[in-house]
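Asker: Here it is, the structure, as structure tokens.
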């Protein structure tokens, strides 16, 4: 390719020179047919016309134009070069004192003739290339949803392909006032809300699309669900066009970018299950987060996990003075450390392999690091796994949390943020009860610290704040149902659901961690404008919206894969597993929720507890666990968490709401 390019440019120069020679007599014939110069005049005029065009074409790179892909910017460049060449040629004639055409309008006629003769072969080459490409294969007809820049760029990307795989037959807009108009010749047939009627009409006309392609990200939630339903009735898959930035980083030079990649195919993406959540963007106090994190030493435990990793990413973006990543898994820790090294090379960072249950190691480590903020995400979270290994769950979730909290408090940490779960409310599993026990200890430490800060006899007394944040499932997290369904779909099914009435709360990981940081700002700072009820502390609970039936989630994922539930892919019910509930809760009956000044963030009324008593009870449970006595450990857990109703055999029980 590199060796051929100079020859192509020389060929363009020769062709443009020939056109310049042809345009001059054509212009003279149009200007004054009877006025014709002597033969000797042409010997100087024709080379002058060529030189004038070459000089005027250099600024717009006329010889380097790719005729096959000529577009509007190229045609504008041709117009500029033609006008410039005509003016230079006329000026050259006047300066040389040579014969000049009698009509003073000759430069305009010369520019017009030159522009038409330069542009015509380029347009013809573009049309011939497009016609030949379309004849070589039969592209799939597609209906676009979204009549903005995304649709325009998608159509341009198709036009730039040598053999486009898709052919746009219509567009649906997001606004009613766009109906009836056209984008690059393609009609806007209606709005996205009218897709059912539009598809019905297209079926009657015998021109149903093979695909519906979303070129906008404004179709989400219920609107996306309706669109999927309408497409599903006609057996039409729904796909999403690549983002504008992935199609072309400059966003407005789409065709030019793809022209250089002849043969590259435009690939469509599947619609993500996250798009169906329809959760509005919650405004966050970014200034408060920066005030809390910037320039401080931060430790994230469980940094290799889904929540811990996203915490590390968002914390790094606020510029801590030192970010320590702690995890027990070597490869998971390596991955997040490598990612942050590439994304935030300027943030001082350290990756530490450690077990939060190793008290001497954690105390030495925190004395060395002296973190000002600790985000504690390390935990065993998989309910069936902890049911099979209850002592490990108790040691990690309860004892590990106490060890981290005590070590952080001992070195004067400003605040520790503990990541809890909705399974800690009216728990029926060891995992949920162990997290509830950890909640109790952190809540007791926080209330003790708040009481100390209000004690007039202890001037300057301030203990470590313990901010507990409780939320439900995170889409795509390790061990969650979404990756499981994806693996089962890749194998052709069936998709396994434990119970037809199983419901769970869901949230995207980015949204969950953003609200965790928001809760950290509210819980760790004593602000004068803070409501009195928030000054008492409590457990922060993320507003998870409405719970989703797992069987509905399975059906949606099957449909998003372009398949039909129960026909192409079976959904099989396997029964509740040990420790599971049919639905989860976010609040206990004795901790009524209170709003905060931030949308999406609630706070549960604190339940009083003595940190010393809870700490001793955790030590007793840990001693029984280390002695391999699960009966004693679980009996003590039941005494500390009286609402713990252990569903050890997977029976269909559900705590009263």
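Asker: Being modelled with pLDDT of 80 or more, assigned to a strand (DSSP E or B) and over 30 Å from residue 508 (Cα atoms): is that true of residue 209 here? Lay out the reasoning, then the answer.
Answerer: On the way: modelled with pLDDT of 80 or more: yes; assigned to a strand (DSSP E or B): no; over 30 Å from residue 508 (Cα atoms): yes.
Taking the combined requirement at face value, the residue does not satisfy it.
Asker: Looking only at region 133-146, decide whether some residue is at pLDDT below 85 and in contact with a helix residue (DSSP H, G or I) (Cβ under 7 Å, 6 or more places away or on another chain).
Answerer: no
Asker: Next question. Considering region 564-602 alone, what residues qualify as being free of Cβ contacts under 8 Å to residues at least 60 places away in the same chain, part of a loop (DSSP other than H, G, I, E, B) and buried (at least 17 other Cβ atoms within 10 Å of the Cβ)?
Answerer: Matches in region 564-602: 591 only.
Asker: Considering each of 520, 480 in turn, give the residue that is under 30 Å from residue 415 (Cα atoms) and outside the structural domain of residue 385 (by TED's automatic domain parsing). Break it down stepwise before answering.
Answerer: Working: 520 fails: outside the structural domain of residue 385 (by TED's automatic domain parsing).
Going through 520, 480 in turn, the sole match is 480.
Asker: Please indicate, with yes or no, whether at least one residue in region 181-200 is loosely packed, with under 15 Cβ neighbours inside 10 Å, in contact with a strand residue (DSSP E or B) (Cβ under 8 Å, 6 or more places away or on another chain) and at pLDDT 85 or above.
Answerer: yes
Asker: Further, regarding this structure: For the condition at pLDDT 90 or above and either over 34 Å from the mean Cα position of the chain (by Cα) or surrounded by fewer than 24 Cβ atoms within 10 Å (Cβ to Cβ) (or both), what is the one hit in 478, 496? Full working, then the answer.
Answerer: On the way: 478 fails: at pLDDT 90 or above.
Answer to the selection: 496.
Asker: Give me a count of the residues in region 359-392 that are in a helix (DSSP H, G or I) and within 22 Å of residue 423 (Cβ to Cβ).
Answerer: Start the filter on region 359-392 by keeping residues that are in a helix (DSSP H, G or I), which leaves 359-369, 383-388, 390-392.
Retained after the next criterion (residues that are within 22 Å of residue 423 (Cβ to Cβ)): 383-388, 390-392.
Residues meeting the conditions: 9.
Asker: In addition: Among the residues of region 97-114, is there at least one that is within 48 Å of the chain's Cα centre (by Cα), buried (at least 19 other Cβ atoms within 10 Å of the Cβ) and at pLDDT 75 or above?
Answerer: So the first thing to find is which residues in region 97-114 are within 48 Å of the chain's Cα centre (by Cα), and the list is none.
Taking every residue of region 97-114 in turn, none turns out to be within 48 Å of the chain's Cα centre (by Cα), buried (at least 19 other Cβ atoms within 10 Å of the Cβ) and at pLDDT 75 or above.
Asker: Next question, about the same structure. For residue 129, which of the numbered conditions (1) modelled with pLDDT of 85 or more; (2) part of a helix (DSSP H, G or I) fails to hold?
Answerer: (1)
Asker: Turning to a different aspect of this structure: Check off (1) modelled with pLDDT of 95 or more; (2) in a loop (DSSP other than H, G, I, E, B); (3) buried (at least 18 other Cβ atoms within 10 Å of the Cβ) for residue 428 and give me the number that stays unchecked.
Answerer: The number of the failed condition is (1).
The values are calculated or read from the model by the stated rules, or taken from the named source; none is laboratory data. Just so you know, these numbers come straight off a predicted model, no measurement behind them. Here Cβ is always computed from backbone atoms with ideal geometry, including for glycine, and neighbour counts include all displayed protein chains.
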